[in-house]
Structures are given as C-alpha cells and as structure tokens.
Amino acid sequence: MRAPHAAAGRAPASIELGTVAARPPPGFPPPPPMRYLARVSFRLPLVASVAVLAACASPASESVPEGDSDSDTDSAVDSDTAALGDPEFEIALNPDNPFAALATITSPRAASVYIEYGVDGGFDHTTPTTTIGAATPTRLQVMGLEAGREWSFRAVVDPVGDPWTSDPLRLTTEPLPAEWPACTTTFSADPAEYTDDEVFCTDLELESSGYRYVCWDRWGTPRHALRTAANTELSSARPLPEGGWATTGNSAAAITFLDNFGATVRTLAVSDLDGARFVHQWIDGHELLPITSGPWAGAVATLTVALEPLDVDRSVRGNGLVVVDPEDGTLLYDYSFHGLSGDGVPGSPLLDYARTRDVDTEDWLHANALAYGQDPDGRAYFLVSLRNQDWIVKLYPDTDELAWRLGREGDLQLVDDVDAAAPVVQPAERWLVHQHGLELLEAADGRAHVLLYDNGFPQRYDDAGDALLGYGRAAELIVDEATMRVSIPFQYGESLEREERLVSRNRGNAVLVGDDRVLFLLGDPRQVWEVGYPDGGARWSASFPESEKVMNRVRWYASLYDTGWTEDGPPSGPEAWLVHRDGHATIGDVFVGTESWRVTTDRGLGEVTCELTYPLASVAVRDDCAACDWAFDVELGAATVGLTDDCALAGIDPTAPTEGTLRGYGLATDYLGHAHTLLVDDGGGWLPVAFVEWDPGTGQVDYRWELDVVE
C-alpha cells in the first residue's frame, strides 16, 4: 500500500496501519474541556501539550532548536528591522487536534509570514502565506502532520521583501494507538494523480478518546481530527466561511461551534433562539449548512424538530429550519413544516399529515439534508430532503412558500431528457427513495443541478429488506422549472454487479470534487468510493473497519488549509450559564435512578456552580406514549443540596421541596430515525427533551436535559 504512496512524492511513513479494531481500548479518560487551554494568551509561551492526545500515547517533546539558522539569515534582515529586534517564533502541539501544531509568531513590523515544515530534517511542506500586524502575536496552525514522526518547523517572516528565517524547531507527534481505526485504500487511477494535501473527512465513533471527526489522505493516513468539549457527535461538521467549524449531532440538541484550531467555543440550543416565529423543540442532528452567498452569506442553516399533536392519542414529528449568525447566535430566519403549532394542519397545502411512505408513521417527514441556492433573478431558496416522503421540496424563505415537491406523486414530471424535443416520461420506480445528502452543482444553464445519494430503500429491496437484492445510487438531477420536468443525466450504482452494489439504508451522500470526480460515502458497508464523472469509471476507494455507529457523510478538501488555519474564529460571545438536568437510571419492570439539577458556567462547558440531586423512582407504568419503547410515572425524592453559588442567578431555589413531584418519563429508541430520546410529560403531553445513552442489555440510561441558557 505504501509503494505508490512514496512514488507520488511523499516521504514514507514510519508506521504501518493495518486492519485494526474500530476504537481505542477502554480505560482512556474522557476528554477534558479544552476551551481554556486552547484560548491562552498569545503573549504566554506555548508548550507542547498532550491534553487531546491523552488517548494516544505518552507526552510529546517540547519545541527544541534544531541548529543554527540559515547562513544568510542575518544579512537578510534590513537595518530598520534589526533595530526593532528579530521576530519571535514558538511552536507547540495542538491540544485539540493530534495532527496539527500551533505556531505563535510576533514580528516587530507588519509582515507576510508562512511556515516551512517536514520530517527527517526536511522542509518540503509549506503553509499558506498570511499577513500579521506589527508587534501582534499571531497564531497559525500547521496542519496535516502524521502521527509518530519528528517534525521540523521554521518561520519565514517578510516585512519588506527581505525575509527573515527562524531557527528550526522540532516537535514529535504522538504515535497512534494500536487500536486506532485504519482504512484500507485501493487505487484504480494512477496514484500520481493525487497528493497528500487532499483529504476526505467523515464523522466516526472513537468515543474512548473523544475523537468524533477524522480526515484521511488518499493513502489512508489520518491527517486531522476534531472533538467537542462535551464529546458529542459531529455528524454534520463543516468549516465556516468566516473561519472555525460548526456541527450538530444526534447526541446533543444544539449547534456546537469550534474555532479554527478545534477548540469548542460555545453551543447554541433552541432556547437561545430569540424571536422565533414557529415552535422548534430542538436542533436536529442531520444537517448543518454554511451559507456562502446572498444576504445571509456567512450564516449557517440547520434543521429543527417539533411534535404536532393531532389528537389525544397521536402526535407526529416534523421538521423546521433556522438560519443563525455564528458571530452572536442571532436568529435570522426560521420556518416550520408544521406551520402554526397546535392547529393540526401542515404549514403548506402541498403537505399532508396522512401521507407517509415509511414504516414509522410518527416520523412524518424525517428531513435529513439542506441545500441553498439562488434563482437566476437572485431570489434565494432552500431545497430540503424529506426522506420519509421521498420528496425534495423547494422553500422560498422570503414568503415561506413551498414552490414544489420533487418525487413520486409530486409536482414535477420525470423524463429521460429535459432537453429532448419529445421527452419520454419515466416509470414511477425511477424516482428517488429515501434520499440523502443534497448538493447544488454549479451550472450555467440557469437550472438547478442537484447531486445526491438515492438509497433505494425499501423500494428496491425484497419484502424482508434484504440488502443484497437492493441497491443505491449516486444521481444528478436537472430541474427545469420552465417545463416542470426533471431528468437524471448521471447515475452510478444501478448497473453494478450484485457483489458490488452500493447499499445504505439510512446514510450516504455524493459530492463533486476536484477535476470532476465524484466521491461519495455509503454508510452500511463503511466505504468511500471515487468514480469518474460522467463516465462512472472506478478510480479509488477506502474501506473502514466495523464501528459502533456507521458514518453519516463524507466531505472532500483539496487541502486542510481550506478549512481554516489562522487565529480568527467565531467569538465566544457573552458569558452564560447553562441550566440542565443530568440523569442516570436503571430500567426494567421499574424505573430507578437519580437526577441532578445543575447550573454550569460557559454555556455548559465550564464548572458546575449549582447542584441539587434527588432520587427518582417509578410509581406506575404509562401506556399513552405512542413513540415510547417504555414509559413510567416517576416520583422525585428529597433533594440533597451540593453547590449553591449560581442557583439564584438561574432562578433555582435550593430550599424548594422536590419530594413528591411527579413526571412522566419515556424512551423512544428511534426518534429521529437514529437517536435514543428522552420524552417527558409534565402535564402538557409527551415532548422530547434530550438525547440519551441507552444500553438495552443492562437497562442503563444516561441523559443531559438542557433547560435554559442564562446570560
């Protein structure tokens, strides 16, 4: 596997990655909050840190001078710069990314700077160039480092065309643990066509070490990793146009923001969305979409979830979406497919609560993807994938209008060629089934070109859901709104042999990358494939070992530096306290556990400053929660007061009695199609309040129920 790697111009790696277990061994400590360590003053010397790498190996070395600087260094500095003093350069491992280093550079004058780096004393890699101000310490991230190697770094600072080059410094990255999940790659194209700058990235479960998002190069070498301070899923992680990252996931009902270096900055829950017009009960984990054009350029859009009661015995889940400003969390737009809550009528006449094409009739829409575009006249729109309707809908946010439904029984006609003089109508089975991962492609014809993964489940499977008999496909759709016709000029997957079929019941996406290459992820077999576009020829693939949870989507970047590498990132915003309830219980014939009512600083990322703990015990079984696998009436016992510092700030009275309070607690194990969810009835009907960790073998359940953010 390594021979073509070296032939492509890479230094051979010092470690080999074979097929190994999916996750680090048990016993590694949970990830500590990284915010404070990652946001130290730039005027303090940075030291090599192993905070993130605690799950990997022993501490790394501190920065060490490698020797004298280049012989022409002194002569390269003009007299003005010499009078002001030389620039300063420090390097340390990034505590929030085991495959990156943080450099701090201070120049006496404004200058352009970059860092040269490499292994074995070489300097064959270079960061992009950036400009720094005079006497202003600036952090840069050196990205894509291989694990277990000694790296050399030197800074090049150019104030007026006479560059100053620092003495080389050395750092050794931590080796990967033996249990780190590897991927096996196969090249059909010439490996020389690729570089080690290219990476493909996806969420992957590595809970013991806290890594939830990993990027690999084409040869299967890990080059980047992210995790949140709370060790939440990063199933929709995306770099933001203005710097930093944002993500949602099915283990936290919030948007989590990270800076460029991978440190958690803050979280944003629905309770933080001031001024919403519609009911949003929490943030859906399926999608986070950075908006790069139009009036909301720089904002992010994400899906939300809410329940709509239809009668006393039945409620349906439906989705909405919100657009927020990453800088300060301001809500810029919101919409709900329910419309106004409580009227039992969807928000558009194009939708019907009675229409469901999924076995889970309570999960009405199961929206799972967003795309943002603009019509030729500049009018902005969203495309939303409604998985359980087998539809893609077009939403105009300026009027809240649903313009059309694309799919079987929708508003557009599927034909063989939208440009044909006499298009041939295609049979209904050619339509999409449970599609995922919308991407709008650039096109000059004024029409929407949509790339997606069509799962084909359950329509193209047998009655027992046999995956071997079914198939999925990557497909490009051309939507011609002038004729209200759709065609599929490109697809890949239908004609494959049985043993090569693309199968994914509930994951997957397709993206057009590089020189018109299609790269897409299939969740169930845990494989990433690259095929030619539009010829469909095999080019490259990567296979992953088994993991506790399958991957959601894949992203491709020509370089990790495209994801942000300088000091700027989303600001932390004002100080705030998270009010939440954390519970642990054992479930069998009865419900027995404890719950702590807490206030935590820094929006839940800091210290607990108020805590009341009380026992929970069921007094009756409930049978009125249609979505629940189990449900109980639970009685609270007397509270034990632990901490009281910020209780008053959050409106909590530690002296108020809890004993005898009743609540209804239930668990839905497939609430969003993937998530274990705690539902609570406080007298107003069953509402989702938290994602939970659920072990049916032991009956153990753990949850964090976020109640409010107080600033």
Self-check item: Of all residues making up region 162-203, the number that are of a type in the set (Phe, Trp, Tyr) and either closer than 20 Å to residue 94 by Cα or assigned by TED's automatic domain parsing to the domain that holds residue 247 (or both)
Solution: 1
Quiz item: Given 429, 481, 500, 409, which one is over 27 Å from residue 355 (Cβ atoms) and out of contact with any strand residue (DSSP E or B) (no Cβ under 7 Å at 6 or more places or on another chain)?
Solution: 500
Practice problem: Please state which one of 428, 403, 420 is out of contact with any helix residue (DSSP H, G or I) (no Cβ under 6 Å at 6 or more places or on another chain), among the aliphatic types (A, V, I, L, M), farther than 18 Å from residue 489 by Cα and surrounded by fewer than 17 Cβ atoms within 10 Å (Cβ to Cβ). | Solution: 403
Quiz item: Take the residues of region 302-321 that are among the aliphatic types (A, V, I, L, M) and surrounded by 24 or more Cβ atoms within 10 Å (Cβ to Cβ): which is modelled with the lowest pLDDT?
Solution: 305
Quiz prompt | Residue tally, condition at pLDDT below 95 and in a loop (DSSP other than H, G, I, E, B), over region 379-389 | solution = 0
Quiz item: Do any strands (runs of 3 or more DSSP E) lying entirely in region 183-247 carry at least 3 residues that are surrounded by 21 or more Cβ atoms within 10 Å (Cβ to Cβ), and which ones are they?
Solution: 199-206, 211-216, 222-226
Practice problem: Among the residues of region 87-112, write down those that are crowded, with 24+ Cβ neighbours inside 10 Å and β-branched (Val, Ile, Thr). | Solution: 91, 105
Self-check item: Extreme residue, modelled with the lowest pLDDT, among residues of region 131-160 that are surrounded by fewer than 17 Cβ atoms within 10 Å (Cβ to Cβ) and not in a loop (DSSP other than H, G, I, E, B)
Solution: 131
Self-check item: Residue under evaluation residue 271, criteria (1) touching a Leu at 6+ places or on another chain (Cβ under 9 Å); (2) polar (S, T, N, Q); (3) surrounded by 22 or more Cβ atoms within 10 Å (Cβ to Cβ), criterion not met
Solution: (3)
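From the list 646, 653, pick out the single residue that is in a loop (DSSP other than H, G, I, E, B) and surrounded by 15 or more Cβ atoms within 10 Å (Cβ to Cβ).
Going through 646, 653 in turn, the sole match is 646.
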Practice problem: Only one of these is under 24 Å from the mean Cα position of the chain (by Cα), at pLDDT below 90 and of a type in the set (Lys, Arg): 501, 460, 505, 473. Name it. | Solution: 505
Self-check item: Selection within region 613-643 - in a strand (DSSP E or B), surrounded by 16 or more Cβ atoms within 10 Å (Cβ to Cβ) and touching a Cys at 6+ places or on another chain (Cβ under 8 Å)
Solution: 631
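State which residue is nearest to the chain's Cα centre (by Cα) when the search covers only region 575-610 and only residues that are outside any strand (DSSP E or B) and of a type in the set (Gly, Ala, Ser).
Out of the qualifying residues, it is 604.
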Quiz item: Inside region 299-333, can you point out the residues that are more than 20 Å from the chain's Cα centre (by Cα) and not in a strand (DSSP E or B)?
Solution: 312, 313, 330
Quiz item: So, of the residues in region 116-135 that are under 14 Å from residue 91 (Cβ atoms) and of a type in the set (Ser, Thr, Tyr), which turns out to be farthest from the chain's Cα centre (by Cα)?
Solution: 117
Exercise. Keeping to region 141-160, report how many residues are among the hydroxyl-bearing types (Ser, Thr, Tyr) and either over 32 Å from the mean Cα position of the chain (by Cα) or on the phi > 0 side of the Ramachandran plot (or both).
Key: 0
Quiz item: Out of region 511-529, which residues are small (Gly, Ala, Ser) and under 21 Å from residue 193 (Cα atoms)?
Solution: 514
Quiz item: Which of the residues spanning region 245-285 are over 14 Å from the mean Cα position of the chain (by Cα), of a type in the set (Gly, Ala, Ser), at pLDDT 90 or above and farther than 19 Å from residue 370 by Cβ?
Solution: 275
Quiz item: How do the strands (runs of 3 or more DSSP E) wholly within region 446-565 filter down when requiring 1 or more residues that are basic (Lys, Arg) and either farther than 30 Å from residue 141 by Cβ or in contact (Cβ under 8 Å) with a residue 24 or more places away in the chain (or both): which remain?
Solution: 473-480, 485-492, 538-543, 554-557
Practice problem: State yes or no: is residue 602 touching a strand residue (DSSP E or B) at 6+ places or on another chain (Cβ under 9 Å) and either more than 25 Å from residue 313 (Cβ to Cβ) or of a type in the set (D, E, K, R) (or both)? | Solution: yes
Quiz item: Going by the conditions given, is residue 262 closer than 21 Å to residue 215 by Cα, in contact with a Gly (Cβ under 6 Å, 6 or more places away or on another chain) and crowded, with 24+ Cβ neighbours inside 10 Å?
Solution: no
Quiz item: Pick from region 560-583 the residues that are more than 25 Å from residue 690 (Cβ to Cβ) and acidic (Asp, Glu): which of them is modelled with the lowest pLDDT?
Solution: 568
Quiz item: Looking at region 119-130, which of its residues are farther than 14 Å from residue 561 by Cβ and crowded, with 18+ Cβ neighbours inside 10 Å?
Solution: 119
Quiz prompt | Every pair of residues 6+ apart whose Cβ atoms lie under 7 Å, when the first sits in region 396-410 and is on the phi > 0 side of the Ramachandran plot while the second is part of a loop (DSSP other than H, G, I, E, B) | solution = 407/390; 407/431; 407/432
Quiz item: Can you find a residue in region 394-411 that is of a type in the set (A, V, I, L, M), within 23 Å of residue 503 (Cβ to Cβ) and either under 25 Å from the mean Cα position of the chain (by Cα) or part of a helix (DSSP H, G or I) (or both)?
Solution: no
Quiz item: Taking interchain pairs and intrachain pairs at least six residues apart, which have beta carbon atoms under 7 angstrom, with the first residue in region 174-195 and farther than 20 Å from residue 528 by Cβ and the second among the charged types (D, E, K, R) and assigned to a loop (DSSP other than H, G, I, E, B)?
Solution: 179/23
Quiz item: All but one of (1) closer than 30 Å to residue 345 by Cα; (2) not assigned by TED's automatic domain parsing to the domain that holds residue 333 hold for residue 249; which doesn't?
Solution: (2)
Exercise. Scan region 248-280 for residues that are under 19 Å from residue 582 (Cβ atoms), among the hydroxyl-bearing types (Ser, Thr, Tyr) and part of a strand (DSSP E or B) and jot them down.
Key: 256, 264, 267
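The values are calculated or read from the model by the stated rules, or taken from the named source; none is laboratory data. Everything numeric in this text was worked out from a predicted model, so none of it was measured. We place every Cβ from the backbone using ideal geometry, glycine too, and count neighbours over all the protein chains shown.
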